[in-house]
1. Report, to the nearest whole %, how much of the accessible area of the chain belongs to carbon and sulfur atoms, 1.4 Å probe, protein only.
2. Which whole-angstrom value gives the distance between the alpha carbon centres of segment 81-148 and segment 170-201?
3. If you fit an axis through the alpha-carbon atoms of helix 39-49 and take the longest principal axis of the Cα set of the chain, what angle between them do you get, 0 to 90°, nearest 10?
4. What is the packing order of peptides 201-212, 313-324, taking the mean over residues of other C-beta atoms within 10 Å and listing the highest first?
5. If you build the Cα gyration tensor of the chain and take the root of 5 times each eigenvalue, what three semi-axes come out, in whole angstrom, biggest first?
6. Once amide H atoms are built 1.01 Å from N in the peptide plane, which residues 5 or more positions from V125, or in another chain, come under 5 Å H to H?
7. Roughly how many Å is it from the Cα centre of segment 55-79 to that of segment 215-269, as a whole number?
8. On average, how much accessible surface per residue is there in the chain, in Å², for a 1.4 Å probe, leaving out ligands, DNA and RNA?
Amino acid sequence: MKKVISFFALAVAFSCSSAKTAVEQDNSNPTKYMNTITASELKTHLYIVAADSMEGRETGSTGQKKAGQYLISQYKKNNISFPKGATSFFQNVPAEALNKRYGDKLNSSENIWAFIEGSEKPDEVIVVSAHYDHVGVKNGDVYNGADDDGSGTVALLEIAQAFEIAKKEGHGPKRSILFFHATGEEHGLLGSSYYSEHPLFPFENTITDINIDMIGRRDVEHANTNNYVYLIGADRLSSDLDAICTLANAKYTKMDIDYKYNDLADPNHFYERSDHYNFAKHGIPSVFIFNGVHADYHKKTDTPDKIEYDALAKRTQLAFTIAWDLANRENRPVVDKK
């Protein structure tokens, strides 16, 4: 009997050890979940988000609100809720806040947020952001904003779904993740500015912002390939974050990283022109994932049929693997630069 019990105990111990090892391996290797992010699903979402019926998603417009309802429907479909401490998927941004800086006449609008709570360090939060507004209708023409920033908007849906699939299989993130769809970006980063003044989670507990803005096309600098990505800002505050981004790409997506717009002397000042800046200015390490500008930028011709969905999928996968590393690593990225 003792030998039988000992053998059984040994078998159980080995089984538990093997299960633990499998969990640890899955938490260190995101490949399975990265591959749930597909060009076909991104395309399905984007043809809805950037449809004519969304009327160009002008801040505070009926079309933008309709797009927002679609985003929320997808989070609900995947059983992803709004953040703890919030009462809905919306952070209301009043018209007064949207109009005070530039004297615009915008209607009130909403930031949209969804949340997956971390299993071990739930109070430490990673933000994955994209703006879901665009410039609306001009002279009767719908400006669909498929790349700007429909591409980043649908990327968030796929990244959230990938994390939720992992969570259901017992490999959820150790830190919490806030999926943040900002309003009012096209009018001066207004939605993310409002969040920075009214954060749901303390900024001292917000470890990084991964911002995705225009990742579905190629620019003239890369006319012969779409297997590239611009990374902007990762090294401005944290050498750790820069290393995390570089390693994630080297291990999983293997694109050419272009640092042209990361130059402090960049005359375009892209670092200051998307929503990550409202996190970075508060000392939160941030990276901006970007494909550069193209001939359809801010024109009515920025339509979903022109998106290169293979490139959109790959850049979305890169953002996911960066978030995965940040969510599961032992230490948060160190802020070692001013």
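1. On the way: 7650 of 14400 Å².
Answer for the chain is 53 percent, counting heavy atoms of protein chains only.
2. 7
3. The answer is roughly 40 degrees.
4. Descending mean neighbour count gives 313-324, 201-212.
5. They are 35, 21, 20 Å, listed from largest to smallest.
6. T206, I207
7. So the two Cα centres are separated by 29 Å.
8. 43
The values are calculated or read from the model by the stated rules, or taken from the named source; none is laboratory data. Everything numeric in this text was worked out from a predicted model, so none of it was measured. Note that each Cβ is placed from the backbone with ideal geometry, even for glycine, and that neighbours are counted across all protein chains shown. Ligands, DNA and RNA are stripped out before the accessible areas are found, and what is left, the full protein with its side chains, is counted by its heavy atoms. Shrake-Rupley method; radii C 1.70, N 1.55, O 1.52, S 1.80 Å.
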